[in-house]
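I have placed the structure first, in the form of structure tokens, so that the comments after it can refer back to it.
Since every read-out is calculated from the coordinates, none of them should be taken as a lab result. Everything quoted here is computed from the prediction, not taken from an experiment. In this analysis, Cβ positions are derived from the backbone assuming ideal geometry, glycine residues included, and neighbour counts consider all displayed protein chains.
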Amino acid sequence: MIRVWSFPALFALAGLLLGASSAARGETVTGALLAVFFLALSFLNSPLFFPRSITSAEALRRSGTDGRPVVYWRPGCQYCLRLRIRLGRRARRAHWVNIWSDPDAAAAVRAVNDGNETVPTVLLDGRPHTNPDPAPLRARLT
């Protein structure tokens, strides 16, 4: 669990330190903007921004029932963040699995990516797609 919050905590700490440093020099507006920017970056990289993760087994079971895609992701991944932002509200319709929280999910991702934990890896109709274009996935989640 600590690993999941490492990047967001570092972003928040950096923002607060930079903001306080600027404010101490009398640059209160710059300090406030830096703090807000880094806190926003912290939120975007936190598990709070992504739909609630479930286990790989549960995601595969649900996907088999409803046909929705399974998205394997990890916190701090810029490509996962890009996919999440580009999917917008439709992202909540997919089944999201955090590979740092589920060893079976990490193994499944390694199995389809030549031993690498490359994310996002999306399962559509049982076929893996590594770092897919968000447009077809967005259309699938309508």
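Observations on the model:
- Relative contact order computed over the chain (Cα-Cα under 8 Å; 6+ residues apart), in percent: 22
- Rounded to 10°, Cα long-axis angle of helix 103-112 versus longest principal axis of the chain: 70
- Placing a label point 7 Å from the Cα of residue 78 along the Cα-to-Cβ direction, the residues of segment 125-142 with a backbone N closer than 18 Å are 131-134.
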